[in-house]
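Okay, structure first, notes after.
The values are calculated or read from the model by the stated rules, or taken from the named source; none is laboratory data. Quick caveat, the model's predicted, so the values are computed rather than measured. Cβ coordinates were reconstructed from backbone atoms using ideal geometry, including for glycine residues, and neighbour counts include every protein chain displayed. All accessible areas refer to the heavy atoms of the entire protein, side chains included, with ligands and DNA or RNA removed. Shrake-Rupley method; radii C 1.70, N 1.55, O 1.52, S 1.80 Å.
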Amino acid sequence: MSRTRTALLAAMALVAGATGTAFAVDPGSAGIAAVPCTVDYKIQNQWSTGFTAAVTVTNNSAAKSSWSLKWSYAGNQKVTSGWNAKISQSGAAVTAANETYNAQLATGGSVSFGFQGSYSGSNAIPATFTLDGVTCNVDDGGPGGPTDPPDPGGPSTRVNNPYEGAKVYVNPEWSANAAAEPGGSRVAGQPTGVWLDRIAAINGAGGKMGLRAHLDEALRQKGSGELVVQFVIYNLPGRDCSALASNGELKADEIGRYKTEYIDPIKAILADSKYASLRIVTTVEIDSLPNLVTNTGSRPTAVPQCDVMKANGNYVKGVGYALNKLGDVPNVYNYVDAGHHGWIGWDDNFGPTATIMKEAATAEGATVNDVHGFITNTANYSALKENNFTINDTVGGKSVRESKWVDWNRYLDELSYAQAFRNQLVSAGFDSNIGMLIDTSRNGWGGAARPTGPGATTSVDTYVDGGRYDRRFNAGNWCNQSGAGLGERPKAAPAAGIDAYVWMKPPGESDGSSKAIPNDEGKGFDRMCDPTYTGNPRNNNNMSGALADAPVSGHWFSAQFRQLMQNAYPPLS
C-alpha cells in the first residue's frame with residue numbers, strides 16, 4: 001500500500017505563515033511567497049506491526065552544506081532502521097540528518113531517505129516537518145505540481161531485453177578497488193553487480209554505499225540515455241545450505257524477518273518514483289533452489305541443512321515472496337539463479353531443477369510473469385564455450401561423457417547449458433520470451449595454460465583433459481580457484497536466448513576465507529576454500545584448487561584480482 005501526506009499549498013502557506021516563517025519572493029511567481037522547503041512523506045508498505053516509509057526533501061532556499069529534518073509522531077511509531085540519513089528518535093520526536101555523501105543540498109535540489117518503523121493502533125502521518133528549524137510545506141502530490149521533486153526522466157516500460165540499447169552501472173566502490181591494483185585501470189570501468197547480502201547492506205554497512213546511494217549514483221551515470229543497474233538479492237533464511245563460506249545472518253526458520261526486514265525495505269526503495277527511469281535487474285538468491293535438488297535426501301551429496309530447508313519450504317517461500325514483491329515494480333527485471341552446467345547438467349538434476357523453479361515462481365503470490373529470466377554461472381568458473389571437443393566426440397570407442405572430467409554430464413560449458421536450460425524452463429511453464437544471463441566475470445581461463453587444441457587421443461581422459469579450457473581439478477570446485485581469469489566482457493545479446501554476458505560477481509571479491517576468520521556477517525569457514533583440502537563427494541574427492549590467504553567472502557582479495565587479470569581471456573590490452 002502507498003499513502004502520501006497531502007495538503008493544499010495555500011492552506012500550508014497559512015500554516016507556515018502562522019509560525020512566523022519568512023519567505024523569500026520567487027521572482028517567477030508574480031509576488032506569491034515561495035515555500036522554503038517541501039517534504040514528501042510516503043508510507044510505501046505497511047503491515048500489522050510495522051511499515052516502511054520514503055521521504056523526499058526539496059530545498060527552495062539558500063544552498064546548504066548540511067541539513068537536518070525533524071518531525072513528531074502523534075501515535076507510538078518507532079523508527080527501527082534507516083538508510084541514506086542518520087535517523088534518531090527521542091520520544092515522539094524524530095531527527096533525520098545528512099550522511100557525508102548527501103550533505104550538499106542545492107537551491108532547488110532534493111534529497112531522499114527512507115526507514116523502517118514499528119507501530120500499534122494507528123499509523124498517522126506527521127502533520128509538520130522542519131528543515132533546519134524552518135517549517136516546510138508538504139507535497140501536494142499532484143503531477144508536475146510546483147512542489148514536485150525533479151523528474152529523473154519518467155517511468156520505464158519493461159522491454160524484452162533490458163541490456164539492449166543501455167549502459168550498465170559501474171559500482172564506484174568496486175571500480176576504486178580495481179583501479180588501485182597495478183593494471184587495474186584496464187577493467188575498472190566495467191559494470192558489476194551490487195550484492196545486498198545482509199539487512200545492513202540495504203542502508204550501507206561498514207561505511208559502504210547503501211541501496212539508495214547506488215541508485216542515486218546510477219541516475220547520475222544514466223544521463224539522458226538508458227541504464228541498467230544490477231543488484232544481487234542474497235539473504236535467504238539458512239542461506240547456501242551446502243557451503244559454509246556463504247552462510248548468512250538469518251536462521252533457517254526466520255522467513256518472517258526475510259520478508260519484513262529485507263525484501264520489504266528493498267522493494268520500498270526500488271519502487272520510489274525517483275528511480276522509475278532506471279532498468280533495475282535483480283538476480284534472485286544465488287545457489288538456493290538447486291541445493292534442494294542436488295544436496296538432499298539419500299544422495300551421496302546430501303547435506304543435513306539442505307534437508308532442513310527443503311522440509312521447511314523457506315527457500316521456495318523466500319524466492320516466491322521476493323519475486324512477487326519486486327515484480328510489482330514496473331522497471332524491475334527479476335532473474336532467478338539457475339546454477340551452472342557442472343551442477344545441474346546431469347539428467348537427474350536438469351528437469352527437477354526447472355520444476356522446483358516453477359514451484360518457487362508460483363509461491364507466495366508470485367507468478368511466472370514476475371520472472372524475466374534466469375542467470376547461470378554466478379560467482380562460478382565454468383568456461384563459456386569449450387571449443388576443442390564436443391559432447392558427441394568419442395575416443396577409442398568411449399564417449400567424451402565417460403571421461404572423469406565430464407562424468408556423464410550432458411553439457412561441457414555454460415553457453416550450451418544456458419540455452420538448453422532455457423528451453424527446459426519454457427517447457428516447465430515459463431514464458432517463451434525469458435532471457436538468460438551468464439556470469440563471465442571469472443571464467444576466461446587464459447594465460448599460458450590455455451590449450452590451443454584437443455588433447456592426445458591416448459584415452460578419452462587425455463583427450464578431454466588436454467583440450468579443456470577449464471583447468472579446475474573438478475567442476476564442483478567453486479572457491480577462489482587457482483589459475484582462473486577474467487572472461488568475456490559484459491555484453492548485450494551475445495547469442496541466441498542470452499540477454500547478456502554480465503560480471504554479476506565482482507572480480508576480486510573473495511569467495512570465502514582459506515582459514516577460519518571471525519566476522520559479524522554470519523559467514524563461516526568452508527574447507528573448499530582451504531588449499532590443503534582433499535575434497536568431498538560434491539567434487540568427487542578432488543583437491544579444492546583454492547588460493548591461499550583469502551579473506552572472508554565478499555572482501556577484497558588482491559592476489560585473486562591480479563591473477564584474474566593475468567589470465568584473462570580475451571586477454572587484456
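Among residues belonging to the stretch 296-336 that are assigned to a loop (DSSP other than H, G, I, E, B) and among the charged types (D, E, K, R), point out the one that is least open to solvent (accessible area, probe 1.4 Å). Before the answer, list the steps.
Looking only at the stretch 296-336, we keep the residues that are assigned to a loop (DSSP other than H, G, I, E, B), and these are 296-303, 313, 328-331.
So of that shortlist, the ones also among the charged types (D, E, K, R) come out as 299, 328.
Numbers: Arg299: 70, Asp328: 89 Å².
Residue satisfying both the conditions and the ranking: Arg299.
Under the condition of being surrounded by fewer than 23 Cβ atoms within 10 Å (Cβ to Cβ) and in contact with a helix residue (DSSP H, G or I) (Cβ under 6 Å, 6 or more places away or on another chain), which residue from the stretch 548-573 is nearest to Ser403 (Cα to Cα)?
That would be Leu572.
Name the pairs whose Cβ atoms lie under 8 Å apart, with the first residue in the stretch 329-343 and closer than 26 Å to Ile269 by Cα, the second charged (D, E, K, R) and assigned to a loop (DSSP other than H, G, I, E, B), and 6 or more positions between them or separate chains?
So the pair list comes out as Pro330/Arg158; Asn331/Arg158; Tyr333/Arg158; Val336/Glu285; Asp337/Glu285; Asp337/Asp287.
Restricting the search to the stretch 177-207, which residues are under 19 Å from Lys222 (Cα atoms) and not in a loop (DSSP other than H, G, I, E, B)?
Val194
Tell me, which residue of the stretch 425-449 that is outside any loop (DSSP other than H, G, I, E, B) and not hydroxyl-bearing (Ser, Thr, Tyr) is surrounded by the fewest Cβ atoms within 10 Å (Cβ to Cβ)? Reasoning before the result, please.
So the first thing to find is which residues in the stretch 425-449 are outside any loop (DSSP other than H, G, I, E, B), and the list is 425-428, 435-439.
So of that shortlist, the ones also not hydroxyl-bearing (Ser, Thr, Tyr) come out as 425-426, 428, 435-439.
Working: Leu425: 26, Val426: 15, Ala428: 17, Gly435: 23, Met436: 24, Leu437: 28, Ile438: 30, Asp439: 28.
The extreme case among them is Val426.
Based on this model, can you work out whether Ser382 counts as small (Gly, Ala, Ser) and either assigned to a helix (DSSP H, G or I) or under 19 Å from Asn161 (Cβ atoms) (or both)? Lay out the reasoning, then the answer.
On the way: small (Gly, Ala, Ser): yes; either assigned to a helix (DSSP H, G or I) or under 19 Å from Asn161 (Cβ atoms) (or both): no.
Spelling it out, it is not the case that Ser382 is small (Gly, Ala, Ser) and either assigned to a helix (DSSP H, G or I) or under 19 Å from Asn161 (Cβ atoms) (or both).
Just one of the numbered conditions (1) assigned to a loop (DSSP other than H, G, I, E, B); (2) of a type outside the set (A, V, I, L, M); (3) modelled with pLDDT of 95 or more; (4) out of contact with any Gly (no Cβ under 6 Å at 6 or more places or on another chain) is not true of Gly485; which one?
(4)
Being open to solvent by less than 20 Å² (accessible area, probe 1.4 Å) and part of a strand (DSSP E or B) is the filter; apply it to the stretch 57-74 and report the residue that is nearest to Pro265 (Cα to Cα).
Residues of the stretch 57-74 that are open to solvent by less than 20 Å² (accessible area, probe 1.4 Å), as a first pass: 57-59, 67, 69, 71, 73.
From what is left, the residues that are part of a strand (DSSP E or B) are 57-59, 69, 71.
Numbers: Val57: 19, Thr58: 22, Asn59: 26, Leu69: 21, Trp71: 21 Å.
Filtering the stretch 57-74 for residues that are open to solvent by less than 20 Å² (accessible area, probe 1.4 Å) and part of a strand (DSSP E or B), the one nearest to Pro265 (Cα to Cα) comes out as Val57.
Being among the polar types (S, T, N, Q) and in contact with a strand residue (DSSP E or B) (Cβ under 9 Å, 6 or more places away or on another chain) is the filter; apply it to the stretch 450-493 and report the residue that is surrounded by the most Cβ atoms within 10 Å (Cβ to Cβ).
Taking the stretch 450-493 as the starting set, the residues that turn out to be among the polar types (S, T, N, Q) are 452, 457-459, 462, 474, 477, 480-482.
From what's left, in contact with a strand residue (DSSP E or B) (Cβ under 9 Å, 6 or more places away or on another chain): 457-459, 462, 477, 480-482.
Working: Thr457: 12, Thr458: 11, Ser459: 14, Thr462: 15, Asn477: 25, Asn480: 30, Gln481: 24, Ser482: 18.
Going through the qualifying residues, I end up with Asn480.
What do you reckon, is Trp67 touching a helix residue (DSSP H, G or I) at 6+ places or on another chain (Cβ under 8 Å) and either closer than 19 Å to Glu261 by Cα or modelled with pLDDT of 90 or more (or both)?
No: the conditions fail for Trp67.
Which condition breaks for Leu219 when tested against (1) at pLDDT 95 or above; (2) in a loop (DSSP other than H, G, I, E, B); (3) among the aliphatic types (A, V, I, L, M); (4) surrounded by fewer than 20 Cβ atoms within 10 Å (Cβ to Cβ)?
The failed condition is (2).
Can you name the number of the only condition in (1) on the phi > 0 side of the Ramachandran plot; (2) surrounded by 15 or more Cβ atoms within 10 Å (Cβ to Cβ) that Gln77 fails?
Unmet condition: (1).
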